[in-house]
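Q: My questions will all concern the structure given below.
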2 protein chains.
Amino acid sequence: MGVGRPRNFDRDTALDQAMEVFWRHGYEGATIAQLTDAMGINPPSLYAAFGSKEALLKAALDRYTLRGEAWMAEVLSAPTAREVTSRMLMGVAEKQTDPSNPPGCLLVQGGLACGSGSANVPFELAARRAKTEEQLRHRFERAKEEGDLADSADPAALARYVSAVITGMSVMASSGADREALTQVAVVAIKAIEDQSVRS
Amino acid sequence: MGVGRPRNFDRDTALDQAMEVFWRHGYEGATIAQLTDAMGINPPSLYAAFGSKEALLKAALDRYTLRGEAWMAEVLSAPTAREVTSRMLMGVAEKQTDPSNPPGCLLVQGGLACGSGSANVPFELAARRAKTEEQLRHRFERAKEEGDLADSADPAALARYVSAVITGMSVMASSGADREALTQVAVVAIKAIEDQSVRS
DNA sequence: CCAAATTTGTAGTGCTCGCTACAAATGTGG
DNA sequence: CCACATTTGTAGCGAGCACTACAAATTTGG
């Protein structure tokens, strides 16, 4: 099997370091020098292991998604649309101000607008953000079938709304808002969903 | 007065072109070559008139703010907090999908995360976003005094909330959401404010 | 202990970046 | 018509970018 000199770094650990650099500086703002520095490797090792700066970003995004999957499953398993939204937004307020990570969300901080050479990075990030919205939409569709959301409710619109609030909170976090500020936003935002819930 | 060769471009017109480039590509993604191209001038003219790339951005931001001031005044002049929020969010849905501009909001697209050399650009943008939030907060404080918002309402939290929704809508717009999608978000978002309004 | 395979560290590559030196062009005041 | 002041266009500066050629180092298979 393993013929040749073995690599002396762990791929996933290095990826975590790269993730943090992209998170803090964005795709374009992150330089290969910063990345290799944080990852503790040299450029040839980076390119041998990941292929290119953009491929490294995608690998980091995959890992970012993976990291949140368990939490996301728990959020979606809440019994009602209101409770799903509450867990979601409260969790976001907490996670986006977790001091062990850069503030905000990598899928937003990574880059909304890029130079002509990296034009597809914003698309890539948008596509990944859309997945969360889609998961919420499916969950809200179920909530409507279960009679938990009002018949007049529009699951797609509600999912878009929650997704927009999450993104807004993410931007606020990245510009220094603390956990209390984000929690306040979450509390207000949940009221809009309560409004469309069938009271018990 | 005018001694020396006169410049043969209009400062504000050039600024509008620069604004569009920053809006579409972000601060870091916009190159001097793209900017001078769009502005129809050469680099020395740009630097003589504006000083640096970052100073050009600030001048463009000033103009961006100026451009929205009349609309903002009209929004804030609405009679109730609910109506202010409605005009605000509906207007945002419209403006951020106006095909005569790049989608989204320059204060977000300009850059949330930057490389180490442009670290203060995100701060500059955040400070300008905060001004809108502050205007909303003052308006909501007045609404509370006027008995239009419930005694239990927190004007600062509501302003933060509306500001977050605006930012979220802006990101959605920049990644291709159409006017209808944004309007749906606005409609849902307004319900959270209605919830804290004193019914008539 | 040698040959093949792979990674590592050094030291660059060509390119594009923001920015500017310089001289020609174009205006005003005397 | 002549200084003088300012802008313009050309051409290119040093720096930093993503990326890589290359040789030394380190492993396994025979």
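Q: Which members of the stretch B:148-200 meet the condition of being more than 10 Å from chain A (Cβ to nearest Cβ) and open to solvent by 50 Å² or more (accessible area, probe 1.4 Å)?
A: Passing the criteria: B:151, B:152, B:178, B:179, B:198, B:199, B:200.
Q: Take residue B:147 and tell me if it is of a type in the set (Gly, Ala, Ser) and on the phi > 0 side of the Ramachandran plot.
A: yes
Q: Checking residue B:116 against (1) open to solvent by 20 Å² or more (accessible area, probe 1.4 Å); (2) of a type outside the set (Lys, Arg); (3) within 13 Å of DNA strand D (Cβ to nearest atom); (4) away from chain A (no Cβ under 14 Å): exactly one of these is not met. Which one?
A: Single failed check for residue B:116: (4).
Q: Of the residues B:81, B:55, B:49, which is touching a residue at least 40 places away in the same chain (Cβ under 8 Å) and within 16 Å of DNA strand C (Cβ to nearest atom)?
A: B:49
Q: If a residue has to be more than 9 Å from DNA strand C (Cβ to nearest atom) and more than 14 Å from chain B (Cβ to nearest Cβ) to count, how many in the stretch A:33-46 make the cut?
A: Number satisfying all stated conditions: 1.
The values are calculated or read from the model by the stated rules, or taken from the named source; none is laboratory data. Treat the numbers as computed from the prediction; the structure is a model and nothing was measured. Glycine gets a Cβ as well: all are built from the backbone with ideal geometry, and neighbour counts include every protein chain shown. Surface areas here come from the heavy atoms of the whole protein model, side chains and all, with no ligands, DNA or RNA. Shrake-Rupley method; radii C 1.70, N 1.55, O 1.52, S 1.80 Å.
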